[in-house]
Amino acid sequence: MIELAVIDLAGTLVRDDGAVEGAFVDALRTVGAADSDAGDDLLDAVRGTMGRSKIAVFREILGDEGRAQAANAAFESAYAARIAAGEITPLPTAEDALATLHDAGIRIAITTGFSPRTRDALLEAQGWSSIPDVALSPGDGVRGRPAPDLVLTAAIRTATDDVRDIAVVGDTTNDLLSGHRAGAGIVAGVTTGAHDSATLATAPHTHIVDSIGAFAELVTETRAGAETYSTAAGS
């Protein structure tokens, strides 16, 4: 009986089109950690960090807290500029998917590796600020992906009793690892973002779907099937 959908933001609900990668490279250039011409090796390294806490990634790459904080601030500024310019838009089935889940009585948690400021700016730009039951970012004792913390915190904040009643979806292997480690009943990769189906398949998962809309259908059908079984078993 799925009660909670934990949904990634960039690449899952909103079209990324390289915006995160671009802001990441801009940030590394700002602190002198990348050349003006980003090579394939750097871009591959950035793609491998997708879904994770941005400040945590900068700390690993730069090995210096001051430079990491400067890079993170530069990232947020670069990404905020893309939001303000209207470059970040909903994926085609995103709004219908959120409505479908809500109408089915499924609680919604939106999670991201962005800071709370960037997360909230992105939700506000799409007109989604009031949609999730909870919106979460790493910080204050909550580790980013691939740790299970964001999923488990969502369960606590929404009073979800059983982790098996959680469905997790995201566009990166780190999203899938996080959901798997949290014990979610559905752990779905979606192919609209950073990682393709072959890459997603390397991480633990229950499903790979081609859109957030397909995920919403999967979750509501699973819930309806559980309700039917429960009714039949009780009769």
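Please treat every number below as a calculation from the coordinates, not as lab data. A quick note: this is a predicted structure, and the numbers were derived from the prediction, not measured. With ideal geometry, Cβ positions are generated from the backbone for all residues, glycine too; neighbour counts draw on all protein chains shown.
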Taking Cα atoms, how many degrees apart are the long axis of helix 94-103 and the longest axis of the chain, rounded to 10 and kept between 0 and 90? 30
Residue-normalised 222 nm signal for the chain, counting each DSSP H run of n ≥ 4 as -39,500 (n - 2.57), nearest 500 deg cm²/dmol, is -15500 deg cm²/dmol
Between Ser77 and Ala201, with labels modelled 7 Å along Cα→Cβ, what's the label distance in nm to one decimal, could you check? 4.3
Write down, largest first, the equivalent ellipsoid semi-axes of the chain in whole Å, where each equals the square root of 5 times an eigenvalue of the alpha-carbon gyration tensor. 32, 17, 16
With R₀ set to 30 angstrom, the calculated FRET efficiency between the beta-carbons of Ala226 and Asp133, to the nearest 0.05, is 0.90
Can you find, among Gly86, Ile106, Ser137, the residue farthest towards the positive end of the dipole of the stretch 82-154? Put +1 on the C-beta of Lys and Arg, -1 on that of Asp and Glu. Ser137
Subtracting the Cα-Cα distance of Ile156 and Glu60 from 0.36 nm times their residue separation yields 31.6 nm
Give, rounded to the nearest 20 debye, the magnitude of the charge dipole that the stretch 131-217 has about its Cα centre when Lys and Arg contribute +1 at Cβ and Asp and Glu contribute -1 at Cβ. 260
What is the distance, in nm, between label points placed 7 Å from the Cα along the Cα-to-Cβ direction at Met1 and at Arg47? 4.2
Relative to the chain, whose Cα atoms define the longest principal axis, helix 116-126 and its Cα axis are tilted in degrees, nearest 10, by 70
Which order do peptides 216-226, 6-16, 189-199, 108-118 fall in by mean Cβ count within 10 Å, highest first? 6-16, 108-118, 189-199, 216-226
Toy charge model, Lys and Arg Cβ at +1, Asp and Glu Cβ at -1: the stretch 109-167 dipole around Cα centroid in debye, rounded to 20, equals 240
What size of dipole, in debye to the nearest 20, comes out for the chain about its Cα centre when the only charges are +1 on Lys and Arg C-beta atoms and -1 on Asp and Glu C-beta atoms? 540
Given the Cα-Cα distance of Asp103 and Glu124 and 0.36 nm per residue of separation, how much length would full extension add, in nm? 5.4 nm
